[in-house]
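**Student:** My structure is below; once you've seen it, I'll send some questions.
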Amino acid sequence: MIALRWGRQRRDLPLRQSASARWLPWVLALMVYLAGLGGVGLTLLHDTLRAARGSLAASLTLLVPAEASPARLETVLAVLRQTRGIVSARLLPPAEVARLLEPWLGSSVVLAELPVPRLIDIRVEPDGGTDFAVLRQHLASVVPGAHLEDYQPWLAGMRAAARRVDGVLVAAIVVALLLMAVSAGFAARFDLVAQRSVIELLLLLGADDGDIAHPLAMRSLRLGLWGGALGAAGVLLTTIALGDAGSLIRSPAPPAAIGIADWRLWAILVGAVVAAGLIAMASARATVLRRLARMV
Amino acid sequence: MVELEQIGKRFADGAQILSEVSLRLEPGGFYFLTGASGTGKTTLLQIICLAQPPSHGRLTLFGTDTAGLDRPARAALRRRMGIVFQDFRLIDEMSAGDNVALPLRVTGATPRQIRDNVPELLAWVGLAERGEAPAATLSGGERQRLAIARAVVRRPELLLADEPAGNVDDDVALGLMRVFERINQLGTTVLIATHDLAFARRFGHQHFHLDRRELLDAGGAPVP
């Protein structure tokens, strides 16, 4: 016999591209697009929650009836400043209140003519141990009708909603990844059927299953990376197009945004492309090896 | 080299193709396997080259019992054989040279090893000038010789040929036989399946005869 190299050098076997090469990148591109948008959505959601927690959890507003006298306002401020966990209490000047209400009332309204409550902005230490129930009772005894408005219920609701959205986005990403694997596996089966006679010949000539699976898996890796790049480009364009959409939402929390300068966006894009390539490769290889085991 | 013991083959539809076939091929031997169409010659060759499992019986190749072998081990055994298929199984869109190089590529031969061996083999079977021609453009006789060149390019220990002279005229058939005998002289064990008993008898080599699914030797007695 001819002396041959028996190392694990991959064999250059004549396995052609089949029709799956035409549609697989586009299917993978769509899946990467969906998974990438899911990843961006998750990032934005977590950013929004974090920002809301940071800015709102330490903030409260006390609404004092408009008819409260200046002396009672001073008493209220003193009570607040002496309360454990409260860092500051500031009576908002009428001009600032007018600015806050301008979106709803317009600029032509004279606030002094309306029974607008006086607003006190309160800053609390996070986990400062403030007993809000006691504080509410205390304030009500000083100024009946005073209303302490905190954002905790709003935050709690937002957290609950975020958990559900989070679950949906994670499920969408997982489904997209699974569909990538299924698509690549289906394409590999298509390749095997299209080249069955050549593959049987190669097996009869002594080719190892791995030698046949390798070129098909490498081809799936290339198609996966190509499709992934297309999908990632779509995610990038969509993210740019929706860049400042968060500012359109009127929310007590600052809007979250992810821009092209954000490294996390690029991590998502690169991760999605690499995942598409690796999933396509692994799925194709597993499918080919499983199918070859049933052949000669 | 090759030993079959009580080999039988029954297909899924219940058709019994082979029954209790036993034979032994010695290293360096030259054998014919004869029998009318449908007696199981091709099936027997497919069992020997591990393309089909026997329904029962034991097959030993190169001293290895093939029962229960994993796929890498089966592939390793196949690499020690050369096969001339009845339908040639050439890849039509590839050149003659690339078809011959295929078994070398399967075993990871270097480009240099391929360059050193393929032209020599093509010349050996009289296709030196046709190396670049797509296999699809070759005549029937040329395709037959190309299939033989591909089967022997690795200098196999065992060469199986299924009706290699089935579709060619007598002169070409004699030429092919000379090629097989030269391969045999280099140490390769040769087993040729043919339906033409008279053709097999012309060369004086030992032959096995399949009749009604059972194996008889040239004298008509079952092979022990």
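**Student:** Give, as a single signed number, the net charge of other residues whose beta carbon lies under 14 Å from the beta carbon of A:GLY128, with Lys and Arg counted +1 and Asp and Glu -1. The partial results should precede the final answer.
**Tutor:** Working: positive: A:ARG81, A:ARG84, A:ARG123; negative: A:GLU125, A:ASP127, A:ASP131, A:ASP150.
Local net charge: -1.
**Student:** Which angle from 0 to 90°, rounded to the nearest 10, does the C-alpha axis of helix A:20-56 make with the longest principal axis of chain A?
**Tutor:** 20
**Student:** Around B:LEU33, which amide H atoms from residues at least 5 apart in sequence, or from another chain, sit under 5 Å from its own amide H, with H modelled in the peptide plane?
**Tutor:** Under 5 Å from the amide H of B:LEU33 lie the amide H atoms of B:ILE192, B:ALA193, B:THR194, B:PHE208, each far enough along the sequence or on another chain.
**Student:** Starting from the amide H of B:SER22, placed 1.01 Å from N in the peptide plane, find each other amide H under 5 Å away whose residue is 5 or more places distant or on another chain.
**Tutor:** Here B:GLN6, B:ILE7, B:LEU215 satisfy the definition.
**Student:** Run the simple label-point estimate for A:ALA156 and B:GLN206 please: 7 Å along Cα→C-beta, distance reported in nm.
**Tutor:** 9.3
**Student:** Right, here's the next one. Compare A:ASP47, A:ASP127, A:ASP209 in a GNM of chain A, Cα atoms joined below 10 Å, and give the one with the largest fluctuation.
**Tutor:** A:ASP127
**Student:** Which one, B:GLY108, B:PRO134, B:ILE91, projects farthest toward the positive side of the charge dipole computed for segment B:90-155 from Cβ point charges (K/R +1, D/E -1)?
**Tutor:** Value computed over the given set: B:GLY108.
**Student:** Let me ask something else. Using Cα atoms only, what is the angle between the long axis of helix B:140-152 and the major principal axis of chain B, expressed in degrees (0 to 90) to the nearest 10?
**Tutor:** So the helix axis and the longest Cα principal axis differ by about 80 degrees.
**Student:** Using +1 on the beta carbon of Lys and Arg, -1 on that of Asp and Glu, and nothing else charged, what's the dipole of segment B:90-155 about the Cα centre, debye to 20?
**Tutor:** Around 300 debye, computed over segment B:90-155.
**Student:** While we're looking at this one, here's another question. Give me B:HIS209, A:HIS46 ranked fewest to most by other Cβ atoms within 10 Å of their Cβ, as a rough exposure proxy.
**Tutor:** Details: B:HIS209 21, A:HIS46 14.
Least crowded to most crowded, the residues run A:HIS46, B:HIS209.
**Student:** Out of the chymotrypsin sites (Phe, Trp or Tyr not before Pro) in segment B:1-69, which ones are loop residues according to DSSP with at most 12 other C-beta atoms within 10 Å? Walk me through the numbers on the way to the answer.
**Tutor:** Details: sites: B:PHE11, B:PHE30, B:TYR31, B:PHE32, B:PHE62; in loops: B:PHE11, B:PHE62.
Sparse-neighbourhood loop chymotrypsin sites (Phe, Trp or Tyr not before Pro): B:PHE11.
**Student:** While we're here: Please report, in debye to the nearest 20, how large the charge dipole of segment A:58-150 is about its Cα centre when each Lys and Arg carries +1 at its beta carbon and each Asp and Glu carries -1 there.
**Tutor:** 200
**Student:** Helix A:263-292 against the longest principal axis of chain A: what's the angle in degrees, Cα atoms only, rounded to the nearest 10?
**Tutor:** Relative to chain A, helix A:263-292 is tipped by roughly 30 degrees.
**Student:** Report the residue, chosen from A:ALA272, A:ALA280, A:ALA156, that carries the largest GNM mean-square fluctuation when chain A is represented by alpha-carbon nodes joined by springs under 10 Å.
**Tutor:** Residue with maximal mean-square fluctuation among A:ALA272, A:ALA280, A:ALA156: A:ALA156.
**Student:** First select every other residue whose beta carbon is under 14 angstrom from the beta carbon of A:ARG196; then total the charges, Lys and Arg +1, Asp and Glu -1.
**Tutor:** Neighbour charge sum, excluding A:ARG196 itself: +3.
**Student:** Placing +1 at every Lys and Arg Cβ and -1 at every Asp and Glu Cβ, with all other atoms neutral, what dipole size does chain B have around its Cα centre, in debye to the nearest 20?
**Tutor:** 560
**Student:** Follow-up question, since we're still on this one. Placing +1 on the Cβ of each Lys and Arg and -1 on the Cβ of each Asp and Glu in chain A, which of A:VAL124, A:ILE212, A:GLY234 has its Cα farthest towards the positive end of the resulting dipole?
**Tutor:** A:ILE212
**Student:** Under 10 Å, Cα contacts only: if you run a Gaussian network model on chain B, which one of B:GLY108, B:GLY14, B:GLY175 comes out with the highest mean-square fluctuation?
**Tutor:** B:GLY14
**Student:** Here is a further query. With runs of 4+ DSSP H residues as the only contributors, calculate the mean residue ellipticity of chain A at 222 nm using -39,500 (n - 2.57) per run, divided by the residue total and rounded to the nearest 500.
**Tutor:** Roughly -22500 deg cm²/dmol at 222 nm, from the helical runs in chain A.
Read-outs throughout are calculated quantities, based only on the coordinates presented, and are distinct from any laboratory measurement. Computed from a predicted structure; not experimentally measured. As a convention, Cβ positions derive from the backbone with ideal geometry for all residues, glycine included, and neighbour counts pool all protein chains shown.
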